[in-house]
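Each remark here refers to the structure printed beneath this line.
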Amino acid sequence: MLTTDGLFAETKEQLGGFWVIKAADIDAALDWSAKASEACGNAVEVRPFQETPGA
């Protein structure tokens, strides 16, 4: 039987939050990620986000 002291991920790496930004292109997104990484003092991952047509 396995017991834990709560609903915690059994890992050292956890998602601490995320930002959704609207950028003109990947270069602009990478510029923002550099600023965000400096602000939070940690690595930032950049992923494309698909918009809903007509939104």
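See the values below:
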| quantity | calculated |
| --- | --- |
| Residues being surrounded by 11 or more Cβ atoms within 10 Å (Cβ to Cβ) and either modelled with pLDDT of 90 or more or in a helix (DSSP H, G or I) (or both) - total across segment 36-46 | 3 |
| Residue that is modelled with the lowest pLDDT [pool: residues in segment 1-31 that are assigned to a helix (DSSP H, G or I) and not charged (D, E, K, R)] | I26 |
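The values are calculated or read from the model by the stated rules, or taken from the named source; none is laboratory data. Note that the structure is predicted; figures quoted are calculated from it, not measured. Counting neighbours? That spans all protein chains shown, and the Cβs are built from the backbone with ideal geometry, glycine included.
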